[in-house]
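Below: one structure, written as structure tokens.
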Amino acid sequence: MILKELDPFLGGSQDEIAHRIAQDRMAYHLRRYFGKSEEVDVLNYLRVSSGAVVTMVDHLVLHPYGLIVIERESLNDKVQIQDDGQWVRWRENVATEMRSPITRAYLRALSLKAFLDKIVKQKGFFDAVELDILVAVPDTARIQWPTMGVLPEVCNADQVHARVTQRVQHCRRSAEATGVLTSSERRRLGQFLRSLHRPLARAASR
């Protein structure tokens with residue numbers, strides 16, 4: 001079920017338009033495969049804050065065993081992932097280091113968990129919840145992988161639904177219980193996060 005759609009788009013620069021198109025495409029894929037799901041719930045774009053700490057998530061998946069943070073990364077150039085995890089962007093034979101979207105996704109996932117740990121009444125509850133990440137890219141063919149091979153955290157945007165399904169199935173096979181997040185708990189959590197969502201304020205145009 002889709003618990004939160006994208007915020008209305010109010011226009012912007014070419015980069016902002018391209019960013020929104022990528023958001024829409026990812027939201028479309030998630031709605032297509034999980035819109036009527038009784039097991040997987042989705043919040044599209046979430047921005048919550050606790051004090052001075054702001055946590056932003058491109059797309060958040062809730063399932064019976066945990067949470068999956070989906071980070072989108074636009075790859076307009078060839079990218080090399082080195083053996084030490086560093087991402088390098090190649091443009092006109094010039095290499096430029098870029099921040100690893102895998103690291104960014106993990107940091108956002110941990111920030112979200114810290115936020116939830118701080119505000120829920122049942123302390124330590126989310127320690128028992130699986131916390132995973134996925135990085136969705138337009139085309140994995142543009143990536144030169146490290147010597148260890150393809151990274152499981154990275155996939156094409158249209159493969160995200162399959163990766164989410166595989167993760168839920170893996171959790172089900174290895175879990176000792178039926179799951180820590182019931183359907184009603186996921187709905188309440190989603191509604192709670194949606195109530196705390198604060199869109200990024202746009203500067204007034206002159």
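The values are calculated or read from the model by the stated rules, or taken from the named source; none is laboratory data. Just so it is clear, the structure is predicted and the values come from calculations on it, not from any experiment. Because the Cβ atoms are built from the backbone with ideal geometry, glycine has one as well, and the counts that use them run over all protein chains shown. These area figures cover heavy atoms from the full protein model, side chains too; ligands, DNA and RNA do not enter into them. Shrake-Rupley method; radii C 1.70, N 1.55, O 1.52, S 1.80 Å.
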Residues that are over 22 Å from the mean Cα position of the chain (by Cα) and open to solvent by 100 Å² or more (accessible area, probe 1.4 Å), drawn from the range 91-104 = Arg91, Glu92, Asn93, Glu97
inquiry  = Looking for something in contact with a Ser or Thr (Cβ under 9 Å, 6 or more places away or on another chain), assigned to a helix (DSSP H, G or I) and touching a residue at least 40 places away in the same chain (Cβ under 8 Å) - is there at least one such residue anywhere in the range 166-178?
reply    = yes
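Could you tell me whether Thr96 is over 23 Å from Gly179 (Cβ atoms), among the hydroxyl-bearing types (Ser, Thr, Tyr) and in a strand (DSSP E or B)?
Yes, satisfied.
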request  = Considering only the range 106-132, state which residues are of a type in the set (Lys, Arg), more than 14 Å from Leu196 (Cβ to Cβ) and surrounded by fewer than 16 Cβ atoms within 10 Å (Cβ to Cβ).
outcome  = Lys121, Lys123
message = Of all residues being part of a helix (DSSP H, G or I), among the basic types (Lys, Arg) and open to solvent by 80 Å² or more (accessible area, probe 1.4 Å) in the range 10-54, which is farthest from Val168 (Cα to Cα)? Just the residue, please.
response = Arg25
remark   = Flagged in the range 152-180 as buried (at least 16 other Cβ atoms within 10 Å of the Cβ), under 27 Å from Arg25 (Cβ atoms) and over 15 Å from the mean Cα position of the chain (by Cα), in numbering order, are Val168, Cys171
